[in-house]
Every structure is written in C-alpha cells, then in structure tokens.
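*Asks:* Supplied in structure tokens, the structure appears directly below.
The values are calculated or read from the model by the stated rules, or taken from the named source; none is laboratory data. Because the structure is a prediction, the values reported are computed rather than measured. Don't worry about glycine lacking a Cβ; one is built from the backbone with ideal geometry, like all the others, and counts go over all protein chains shown. What goes into the accessible areas is simple: the full protein's heavy atoms, side chains included, and nothing from ligands, DNA or RNA. Shrake-Rupley method; radii C 1.70, N 1.55, O 1.52, S 1.80 Å.
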Amino acid sequence: MGWEANVRTVTPYVAGEQPKEQGVIKLNTNESPYPPAPGVARALREYDADILRKYPDAETEPLLSELAAYYGVEKEQVFVGVGSDDVLAMAFLTFFNHPTLPVLFPDITYSFYDVWAELFRIPYEVQMLDGQFRIKEEDYHKPNGGVIIPNPNAPTGELAPMQMFENILRANPDVVCIVDEAYIDFGGESCLKLIDRYENLLVVRTFSKSRALAGMRIGYAFGSKKLIRCLQDVKYSFNSYTMNSITLAAGVEAVRDDAYFKEITKKVITTRERSKRELAALGFSFPDSKSNFIFATHEKYDAKELFEALRAHNIYVRHWDKPRIGNYLRISIGTDEEMDTLFAFLKEYCRA
Ligand code: PMP
C-alpha cells in the first residue's frame, strides 16, 4: 500500500513478562520485592479526587523541589518524567542530534537504547564489552555524537568507577554524556557530584527499583541548569503534562521517607550478597553485581532450558536469545523467602 511507505516503522522494545496469575515468584523485571514507603499508601488514600478536574503542575512541583532538597541540588538542575524511560527518550531526542557521528553505548546494555536510536533515526555504534563484561574506556575516546552508559550496567550488574566517567566526560566536551543510574542505589558511587563540573553530563535515575514504585512511573535526571533547560524545552514541545498529580504526590512521600528507603535498599543488598554465595556454591558464575539483580551462567546447563524449567515452576527470570549473553539468566533479587524457593529448585535441578 502507498501509505505504508510513509510509516515510521520500528522494532519495539520488549519488556519482561507481567504474569496475570497469582503465586508467581517474579524475578524478571528488577522490581522491588518490598512495598513502597507507607506514606505513599497514605497519600493515595487521602488524595482528593476533585484535584483531578484541573491539569497537573506542568513544572512537576512539588516533586521537583523535594528531589532538589533531598539530593542537595538546585531545582533548575532536576528534571522529572514518566519513568526513566520517558526521561531517557526525551534526552535522546534533545541531545543526540549529530547528523553523522554515532552515539556510543555498550553492546551488552539496556536494550531500549538502540530502539530509541532507531525510532529517532540517530546514528549509533555499539562498543564491545571485554571478556569479563567490562566497559573499555578507550572505546569512548573517539569522535561521536553522544555517549550513554548505565552504571551499574544492565543486565550485567557491573559497576564502573566514577573516574572512568570523569575521563570520558573530559574527552567529550562537545557532546552530551548520559549516565543511566537506574540501579545506583544498590551500592554504587553516583556521578551526581560531577554535574557542577561538567555541563554536558546528564545523570538519569528512577523510582522503579530502589523506591519500589515501578507501577507509578517516575524517573528523574540531574544536570547543569543549561542542560535541564534544553530537556524542559523539548518536553514542553512534546507533552507539557507528563506527570499526573497523584503520581507527583506519591513521589514526594517516597522521597520523604529516607529511613524506609535506606532500610529496603539495605535488605536487597544483603539478600543479593547471600544470593551470590548460594549461586556460586551451585557452580554458577556471574559478574560481581552492584545492582538488584545477578546475571548468572552455568557451564553445565543451558540457560534457555533452565529458564523454561524455572518458568514451569512459576519462577520467572529473564533470558535473552542474543549473541554473547544467550547462556545467561538475569535474576532479580526478591525477598529472602523467594530466593530460598529459587535456590531449593536450583539445588534439585543441579543434582538431577
Ligand atoms: N534504565 C535501565 C538500565 C533499566 O534497566 C530500566 C528498567 N527497565 C530503565 C532505565 C527504565 O526504568 P523505568 O522506566 O521504570 O524508570
């Protein structure tokens, strides 16, 4: 058909499965195994529906101020969006506009990056991680149209040192460098402290993992005032009201309860470290994760078969049929009880 020649065709990003049945141990999408801060439930209960007559605050107050105060930055250095996917999509659209030079990111990384690049017709070039799934800094010291790297990387869980990002920023003053810190709260050192020194740095975060609010869809970013203003301009040219007022109210409560935030991230870290010991004892190997998941492989067992066997027992993990990672499973950290069920299954599986 003639009209089809004018369609923007893309191969969409495929998210992890969200099973409808009860009783599934869901270790496949890196959600928090714990509920959001109690203040979130209170805010939702007490929310006055009459507020919904009006448009929400386009400037995303009061969440913007709450984040600025919590992280000790100015309001003009913060951006808020509908999950970090929304923030990242806006950032791709805003900052990655070189007509020929490619945007650089790792070959094994968040599988949405190439989808946005294709969607927005941004040239890109993936950079191979080394044999241990580590980023090779020198790959990012060459002419490019922008850089995006998650830290810790996903799905490997590998944390790169802040010094590496500082070197990359210094080598690339003419493009924007994005550090996707979706998993930074699980023990990594943030690049946030670099935003005052590097005007071209955008640090992107999410409420979906460490703040247990994946269903609410809240992402945020830090950068220089100039960078954030550019992002705002594009956002207001696309959809002024990305954040609804219920979400903004819930987000504020999640940030306010610092003690709860620290408690649940600490619990996930403790369970992760125990999970590493359990998996290693069963013969699995994995990069040393600093995230809320472990990317594990076993030389004796086929990952896809194990994925299917786990699934048949209502334990969902993530597997990709992709080069280099086809024999790995990404296992999100659940509660201790959920992990115990997983280990009990794996012990049987490895014995059989
Ligand atoms: N970045 C990375 C590296 C991720 O793994 C995810 C989770 N799928 C996201 C961003 C997006 O998360 P959200 O949109 O829920 O904030």
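*Asks:* Out of curiosity, is ASP185 under 21 Å from the mean Cα position of the chain (by Cα), acidic (Asp, Glu) and surrounded by 20 or more Cβ atoms within 10 Å (Cβ to Cβ)?
*Replies:* It is true that ASP185 is under 21 Å from the mean Cα position of the chain (by Cα), acidic (Asp, Glu) and surrounded by 20 or more Cβ atoms within 10 Å (Cβ to Cβ).
*Asks:* Which condition number does LEU93 fail, the rest of (1) out of contact with any Ser or Thr (no Cβ under 7 Å at 6 or more places or on another chain); (2) under 24 Å from SER190 (Cβ atoms); (3) aliphatic (A, V, I, L, M); (4) open to solvent by 30 Å² or more (accessible area, probe 1.4 Å) being met?
*Replies:* Just one mismatch for LEU93, condition (2).
*Asks:* To continue, here is another question. Being of a type in the set (Asp, Glu) and farther than 30 Å from SER224 by Cβ is true for just one of GLU31, GLU61. Which residue is that?
*Replies:* GLU31
*Asks:* Hey, another quick one. Test VAL234 against the criterion of being in a helix (DSSP H, G or I), of a type in the set (A, V, I, L, M), more than 21 Å from TYR110 (Cα to Cα) and in contact with a Pro (Cβ under 7 Å, 6 or more places away or on another chain), and give yes or no.
*Replies:* For VAL234, the condition - in a helix (DSSP H, G or I), of a type in the set (A, V, I, L, M), more than 21 Å from TYR110 (Cα to Cα) and in contact with a Pro (Cβ under 7 Å, 6 or more places away or on another chain) - is not met.
*Asks:* Also, quick follow-up: Tell me yes or no: at least one residue of region 200-219 is open to solvent by 10 Å² or more (accessible area, probe 1.4 Å) and away from the ligand (no atom under 13 Å from the Cβ).
*Replies:* yes
*Asks:* How about region 5-39: which of its residues are outside any loop (DSSP other than H, G, I, E, B) and open to solvent by 40 Å² or more (accessible area, probe 1.4 Å)?
*Replies:* Those that are outside any loop (DSSP other than H, G, I, E, B) and open to solvent by 40 Å² or more (accessible area, probe 1.4 Å): ALA5, ASN6, LYS26, PRO38.
*Asks:* Assess whether ILE122 counts as being within 16 Å of the ligand (Cβ to nearest atom) and either surrounded by 23 or more Cβ atoms within 10 Å (Cβ to Cβ) or of a type in the set (Val, Ile, Thr) (or both).
*Replies:* When the stated conditions are applied, ILE122 does not pass them.
*Asks:* Tell me the strands (runs of 3 or more DSSP E) entirely within region 138-228 that contain at least 1 residues that are touching a Cys at 6+ places or on another chain (Cβ under 8 Å).
*Replies:* 146-150, 177-180, 201-206
*Asks:* Related question: Taking TYR236 as meeting all but one of (1) more than 30 Å from HIS319 (Cα to Cα); (2) within 16 Å of the ligand (Cβ to nearest atom); (3) of a type in the set (Phe, Trp, Tyr), write down the number of the exception.
*Replies:* Of the numbered conditions (1) more than 30 Å from HIS319 (Cα to Cα); (2) within 16 Å of the ligand (Cβ to nearest atom); (3) of a type in the set (Phe, Trp, Tyr), the odd one out for TYR236 is (2).
*Asks:* Regarding GLY2, is this residue touching a residue at least 40 places away in the same chain (Cβ under 8 Å), over 23 Å from ARG211 (Cβ atoms), exposed (fewer than 11 other Cβ atoms within 10 Å of the Cβ) and among the small types (Gly, Ala, Ser)? Give the steps one after another, and end with the answer.
*Replies:* Details: touching a residue at least 40 places away in the same chain (Cβ under 8 Å): no; over 23 Å from ARG211 (Cβ atoms): yes; exposed (fewer than 11 other Cβ atoms within 10 Å of the Cβ): yes; among the small types (Gly, Ala, Ser): yes.
Criteria not met by GLY2.
*Asks:* Could you please let me know if TYR236 is closer than 16 Å to GLU59 by Cβ and in contact with a Gly (Cβ under 8 Å, 6 or more places away or on another chain)?
*Replies:* no
*Asks:* Sticking with this structure for a sec: Considering region 120-163 alone, what residues qualify as being hydrophobic (A, V, I, L, M, F, W, C) and more than 22 Å from THR206 (Cα to Cα)?
*Replies:* Of everything in region 120-163, those that are hydrophobic (A, V, I, L, M, F, W, C) and more than 22 Å from THR206 (Cα to Cα) turn out to be PHE120, ILE122, VAL126, MET128, LEU129, PHE133, ILE135.
*Asks:* Quick one: in region 45-68, of everything that is within 25 Å of the chain's Cα centre (by Cα) and either at positive phi or open to solvent by 80 Å² or more (accessible area, probe 1.4 Å) (or both), which residue is farthest from the ligand (Cβ to nearest atom)?
*Replies:* Among them, the one singled out is GLU59.
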